[in-house]
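So the structure is just underneath, and the comments pick up after that.
The values are calculated or read from the model by the stated rules, or taken from the named source; none is laboratory data. Please read all numbers here as calculations on a predicted model, not as lab measurements. Positions of Cβ are generated from backbone atoms using ideal geometry, with glycine treated the same way; all protein chains shown enter the neighbour counts. Accessible surface areas use protein heavy atoms only, side chains included; no ligands, DNA or RNA. Shrake-Rupley method; radii C 1.70, N 1.55, O 1.52, S 1.80 Å.
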Amino acid sequence: MSRDAAIDRAMRLFDDGTFLEILGRRVAIPTESQNPDRLPDLKRYLDDEIGPSFAAMGHSSRVYANPIAGAGPVLLAERIENESLPTVLGYGHGDVVLGDDANWREGLSPWKIQRDGEKLYGRGTADNKGQHTINMLALETVLAERGHLGFNSKFMVETGEENGSAGVREVIEANKADFSANVFIASDGPRVAADRPTITLGNRGARNFDLVVDMREGGHHSGNWGGLLSNPGIILAHALATIVSPKGRVLVPGLLPTPIPNSVRAALRDVILDAGPGAPAIDPDWGEPGLTPVERLYAWNTFEVLAFTTGTPGKPVNAVPPKARANCQIRFVVGSKPDEFVPVLRKHLDEHGFGMVKIEPPPASNAGEFAATRTDPDSPWAKWAAETIASVSGKKTAVVPNSAGSICNDLFSDLLGMPTIWVPHSYSACSQHAPNEHILLAEAREALAIMTGLYWDLGENPPRM
């Protein structure tokens, strides 16, 4: 009975097809949380897949109804071995984005896993069914090898992350004691490079909104009215140019964070971005001057235009359009003031002569808001996790103070008040949220070894607090 034996056991479960069989069942359940007709499938995922899997590991489970109508339920599994032991809270989300069946490569389906070389395709393989399946299988392996975990296990699986985790905060607030733990350890998102084990200690926040110029009812002939009527598309383009420079620098001070902390700069110093084959090349001159690409991604704020419409782009006509709309997003880090973003923008637009530009809520499909969070890279749990993972992989762990993307981490770091450690098992070019989503099998296999070793050490040698 040893950590090496547990890892060997886990590798056999990967190599003999057990992992693929479990993941295949889970991918086959079309848990599209953005499709209201899939609510029964969200419930089925918890009732038929997740609950029984944890029951087999000696966990009791409770499913919490979501207080928001139409939003998916939340499951919490629990195994308390001894109240004196540390308690770890795990997390996964069983929902996925829309399958987008018609746009997958010929021969692929979002609801069936399929291997092509070292890639395993299927909706949720990367986000997030594959990742929480790896962690659950690692827990099962440690339990089978040692006969007990050596720590208390809680594991939460929600079914609405792709809809902004609607209602999850209310569930946790009403049941704080149920979800409380000493540390949060979970997996989502990409590594900094496919072959570089990584921990992330929080996330960037996100605020979405629309900028709208609505000048009149209906379009008017550009020959008869061009030069006489203001063009909303041109007005909105110039308004945006006062917010972001031609090279992507945010020009409004109130939308920026405080200076990057020294501990964050130090953690990022040896991080090298490598999104893998097929990823776009980084534009070296884009974004905040004076920062490295890694600092721009993980330690600074960005303003993005996600969509811009005016007139009828699919079928343009010779008319001055009546309206223009830009769907905008600010990704932000700890040290920002997100509640002031809209007032700051309103003041900025007014001062630059753009009082006609309205700031409106985003469409429902893109309405999720996330807070920025960060566990200090110098915290005992962060150092312990990085060292443990390195001892399994034989590689130096990349320590990222927060992910570039957004997730509901504030529920755990702020509401429940625990350090948060994310151990991602995917890579940036995985086509997450797009057709042909996939994971890399070599990365997934290594991830299973890492999580098995991490859970083993948690039961044998947790950090001293």
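Key figures for this structure:
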| read-out | value |
| --- | --- |
| Enumerated helices (runs of 4 or more DSSP H) restricted to segment 33-150, each holding at least 3 residues that are of a type in the set (A, V, I, L, M) | 129-146 |
| Every residue from segment 351-400 that is closer than 22 Å to residue 328 by Cβ, without any contact (Cβ under 8 Å) to a residue 60 or more places away in the chain and open to solvent by 70 Å² or more (accessible area, probe 1.4 Å) | 351, 364 |
| Meets criteria (farther than 20 Å from residue 13 by Cβ, of a type outside the set (A, V, I, L, M) and either open to solvent by less than 10 Å² (accessible area, probe 1.4 Å) or at pLDDT below 95 (or both)) for residue 116 | no |
| Single match in 166, 126 (criterion: touching a residue at least 12 places away in the same chain (Cβ under 8 Å), open to solvent by 10 Å² or more (accessible area, probe 1.4 Å) and either under 22 Å from the mean Cα position of the chain (by Cα) or under 30 Å from residue 2 (Cβ atoms) (or both)) | 166 |
| Complete set of residues in segment 439-449 that are in contact with a helix residue (DSSP H, G or I) (Cβ under 9 Å, 6 or more places away or on another chain) and either free of Cβ contacts under 8 Å to residues at least 12 places away in the same chain or not small (Gly, Ala, Ser) (or both) | 439, 441, 445, 446, 448 |
| Extreme residue, surrounded by the most Cβ atoms within 10 Å (Cβ to Cβ), among residues of segment 98-113 that are over 21 Å from residue 366 (Cβ atoms) and hydrophobic (A, V, I, L, M, F, W, C) | 113 |
| Complete set of residues in segment 431-465 that are at pLDDT below 95 and in contact with a Ser or Thr (Cβ under 8 Å, 6 or more places away or on another chain) | 432 |
| Residues within segment 89-115 that are within 27 Å of residue 449 (Cβ to Cβ) and in contact (Cβ under 8 Å) with a residue 12 or more places away in the chain, tallied | 10 |
| Residues of segment 138-178 satisfying the condition of being small (Gly, Ala, Ser) and in contact with a strand residue (DSSP E or B) (Cβ under 9 Å, 6 or more places away or on another chain) | 153, 160, 164, 165, 167, 174 |
| Segment 253-304, subset of a type in the set (D, E, K, R) and open to solvent by 40 Å² or more (accessible area, probe 1.4 Å), residue modelled with the lowest pLDDT | 274 |
| Total residues in segment 305-344, condition surrounded by 14 or more Cβ atoms within 10 Å (Cβ to Cβ), under 31 Å from the mean Cα position of the chain (by Cα) and of a type in the set (D, E, K, R) | 3 |
| Qualifying residue in segment 419-439 (condition: among the acidic types (Asp, Glu) and open to solvent by less than 10 Å² (accessible area, probe 1.4 Å)) | yes |
| Count of residues meeting criterion [open to solvent by 20 Å² or more (accessible area, probe 1.4 Å), at pLDDT 95 or above and more than 11 Å from residue 114 (Cα to Cα)] in segment 15-34 | 8 |
| Condition met for residue 113 (among the β-branched types (Val, Ile, Thr), within 26 Å of residue 25 (Cβ to Cβ) and out of contact with any Phe, Trp or Tyr (no Cβ under 7 Å at 6 or more places or on another chain)) | no |
| Test: residue in segment 453-464 that is hydroxyl-bearing (Ser, Thr, Tyr) and not in a loop (DSSP other than H, G, I, E, B) | yes |
| Those residues of segment 408-417 which are touching a strand residue (DSSP E or B) at 6+ places or on another chain (Cβ under 7 Å) and either open to solvent by less than 10 Å² (accessible area, probe 1.4 Å) or free of Cβ contacts under 8 Å to residues at least 24 places away in the same chain (or both), in sequence order | 408, 409, 412 |
